[in-house]
Amino acid sequence: MIAQYRAGVRDRQVSRNTAGTLSPARRAADLRRLAEDEFDVLVIGGGVTGAGAALDAASRGLSVALIEANDLASGTSSRSSKLVHGGLRYLEQLEFHLVHEALRERGLLATRLAPHLVRPVPFLVPLPGDAAWKRAWNRVYYGAGVALYDAFAAGLQGTSGRGMPLHRHLTQRGAHQLFPSLRPEAAVGAIRYYDGQVDDARLVISLARTAASLGATVVTRVRATGLTRQAREVTGVRATDETGREFSIRARTVIAATGVWSDDITALLPDARPGLRVRASKGIHLVVPRSAITGDVGLILRTASSVLFVIPWGGHWLIGTTDTDWMLDREHPAASARDIDYLLSEVNKVLDRPVNRSDIEGVYAGLRPLLSGEEDATSALSREHAVVEPILGLFLVAGGKLTTYRVMASDVVDRVVRRLGSAVRSATDDLPLLGADGYHAMWRRRAELARRPKSRLTVGAVEHLLERYGTLTVDVLHLIDSSPDLAAALEGAPEYLAAEVAYAAAAEGALHLDDVLTRRTRISIETDHRGVETAPHAAQVMADVLGWDEATTRAEIEAYERRVDAERRSQTMPDDASADAARTLRA
């Protein structure tokens, strides 16, 4: 098993899917490699940018290691609006280059890189009604913006494909047919357009596993505690694993893709100029059942301080988001009662039946890493990304957004390969993630997969798996073949199978119950019990894979219950300070 991964490349006799398995045995082997080997590139941070950088570097033939202090996507990259989008609102700010770049990446993800994870989602842009001249102006103004959005995407068709249908103008009646819950006075018409939707955490897991399939060492629960140096050159990091073991990792170059923790990395270099500063901006989302709002499309609404999305999400709606400074606990940003009341107030301005607190199934809060320069002149970088080298051998990449992770990864690895004396260019625009190859053909065979003698799943259950794992679905089905009990639905979350929990622990690097209920699945935000009723069943499935004893299994359940209790309590607090205190005290 270990021999597959030596020298940073996989054994060509081993399938790509098998080589990308983040199993307990692989973890043990990779932990040894971290302490013993020297890597061309060490990536700190297991979010979308770090995982993307690890994949980009590994695809260029470099030996790569990635470490993450917590779980893959445990920070910002699991707490977004779940959109792969071009940034329609950037057109108003004349940021055409940002829109063009993001639309290219959206097309690549939807058609080539991850069609199993990224799919079109329709939105309405309601046109407000005032005087006749203003109604006409709004339709021309917003229509021109959406038309330009589509035109940019169409212009990229030769390289990445649109991946999304074209926009369409609608009358007031047409808008109401698609979104019956929209108040008549809220819109005299609308424009329907499309963007992409993605489960952000699953995208990160796919990136990390694809990097691992190319030989990258990927290890979670390893925290960088310091940088090792030779004179003015970084030569690796000091690290601590979950057991408290301390060791050093040797690397010719280090990439810090740590988002809102970027300043912590530069703080390890008191004699170096940071080069960039990152500001944490909190955004929260509410999750409510589809029955709370009647509609077949999403909404994008302008508020006094932000843009509000109402997004269909399977059997739920996502409502978000906010945009407020956050300077408290970055690992567990808390949503306060004020945040929740703000979103409810804004969305209820356009709904015919108000959404209230009793409708809320889940709440999640994330932190955007926005760039802020040391001088006012550089504050315009906030919606872009930057790559800096504050000291030889250390590269920081920050800013940007989920959609453009591949561009950020390519830019920082370009700097790395120049330092290493290589000329190999990025080719990740033509490298499908694990699960993408053959996805459409397997989707057409979904009824046949459902009739497998041992699994005997419904077609709907197979579709659910295909939209989460792509062609890796066959690996989940093989687990069911070997243990038919895994075909059962999880207690308290019937849309998920027990096999998905087993697969998360066996192949996706999940080490704790929270990893499964919050990121490998979305049970923590998609159920009104927030996963508490599912925890015992899921913990027992994980115990069977990871070899937990009864005491460990009980401890995992209790830790998860404390986390949920802390989050619920924080969401009743009036402001950030009290919400953070409640979240920290009870977790």
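Leaving out ligands and nucleic acids, and using a 1.4 Å probe, what accessible area per residue does the range 502-587 come to in Å²?
I get 38 Å² per residue for the range 502-587.
With a 1.4 Å probe and every protein chain left in place, work out the accessible area per residue of the range 1-147 in Å², rounded to a whole number.
35
What is the magnitude of the charge dipole of the range 274-423 about its Cα centre, with +1 placed on the Cβ of each Lys and Arg, -1 on the Cβ of each Asp and Glu, and no other charges, expressed in debye to the nearest 20?
240
Give the lysines whose C-alpha is closer than 19 Å to that of residue 282, dropping any in the same chain fewer than 8 places away, or say none.
82, 401
For volume of the Cα convex hull per residue in Å³, which listed value, [x] 374; [y] 152; [z] 141, comes from the coordinates shown?
The listed entry that was calculated here is [y].
Return the Cα extents of the range 182-244 along principal axes one, two and three, sorted largest first, each rounded to a whole Å.
66, 29, 26
Above 19 Å lies some portion of the pair distances; for the range 130-280, what is it as a whole percent of all C-alpha pairs? Numbers along the way, then the final one.
Details: 8305 of 11325 pairs.
Value for the range 130-280 (Cα pairs over 19 Å): 73 percent.
Would you list, by chain and number, the aspartates and glutamates whose Cα falls below 14 Å from the Cα of residue 454, excluding same-chain residues fewer than 8 positions away?
List returned: 475, 481, 485.
Find how much the distance from residue 555 to residue 32 grows on full extension, using 0.36 nm per residue of separation minus their present alpha carbon separation; answer in nm with one decimal.
Taking 0.36 nm per residue and subtracting the Cα distance, the gain is 185.6 nm.
Note down the magnitude of the dipole of the range 258-311 about its Cα centre, charges +1 on Lys and Arg C-beta and -1 on Asp and Glu C-beta and zero elsewhere, to the nearest 20 debye.
Details: 6 positive and 4 negative charges, 38 e Å.
It comes to approximately 180 debye.
Accessible area of the chain with a 1.4 Å probe: how many percent of it is carbon plus sulfur?
The nonpolar share, carbon plus sulfur, comes to 52 percent.
Assuming 0.36 nm per residue, please report the length gained on full extension of the stretch residue 584 to residue 290 beyond their Cα-Cα distance.
102.7 nm
Using the Karplus curve 6.51 cos²θ - 1.76 cosθ + 1.60 with θ = phi - 60°, what ³J(HN,Hα) values do you get for each residue of the range 574-581, in whole Hz, with x for Gly and Pro?
Along the range 574-581, the couplings run x, 8, 4, 4, 6, 5, 5, 5 Hz.
Describe numerically, in nm with one decimal, the distance between label points set 7 Å from Cα along Cα→Cβ at residue 245 and at residue 483.
Reported label-point gap for residue 245 and residue 483 is 2.5 nm.
Multiplying the sequence separation of residue 223 and residue 458 by 0.36 nm and subtracting their Cα-Cα distance, what value in nm do you get?
Full-extension gain reported as 80.4 nm.
Among 276, 116, 266, pick out the residue whose Cα is farthest towards the positive end of the charge dipole of the chain, where Lys and Arg carry +1 and Asp and Glu carry -1 on C-beta, about the Cα centre.
Going by the charge dipole, the pick is 116.
Once the Cα atoms of the range 299-359 are picked out, what are the Rg and Dmax in Å?
Gyration radius and largest Cα-Cα distance of the range 299-359: 12.6, 37 Å.
Given points 7 Å out from each Cα along the Cα-Cβ axis, report the residue 231 to residue 491 separation in nanometres with one decimal.
Result: 6.4 nm between the two label points.
So how far apart, in nm, are the two label points at residue 304 and residue 323 if each is 7 Å from Cα heading toward Cβ?
Calculated label separation equals 1.6 nm.
Given H placed on each backbone N at 1.01 Å, which residues far from residue 508 in sequence or on other chains put an amide H within less than 5 Å of it?
22
Would you list, by chain and number, the aspartates and glutamates whose Cα falls below 15 Å from the Cα of residue 349, excluding same-chain residues fewer than 8 positions away?
185, 341
Set the Förster distance to 60 Å, then compute FRET efficiency between residue 384 and residue 15 from the Cβ-Cβ distance, nearest 0.05.
After rounding to 0.05, the efficiency reads 0.95.
Evaluate the range 58-121: find the radius of gyration of its Cα atoms, find its Kirkwood radius, and give the ratio Rg to Rh.
Across the range 58-121, the Cα-based Rg/Rh ratio is 1.06.
The values are calculated or read from the model by the stated rules, or taken from the named source; none is laboratory data. Just so it is clear, the model here is predicted, and its values are computed rather than measured. Here Cβ is always computed from backbone atoms with ideal geometry, including for glycine, and neighbour counts include all displayed protein chains. Accessible surface is based on the protein model in full, side chains and every heavy atom, while ligands, DNA and RNA are left aside. Shrake-Rupley method; radii C 1.70, N 1.55, O 1.52, S 1.80 Å.
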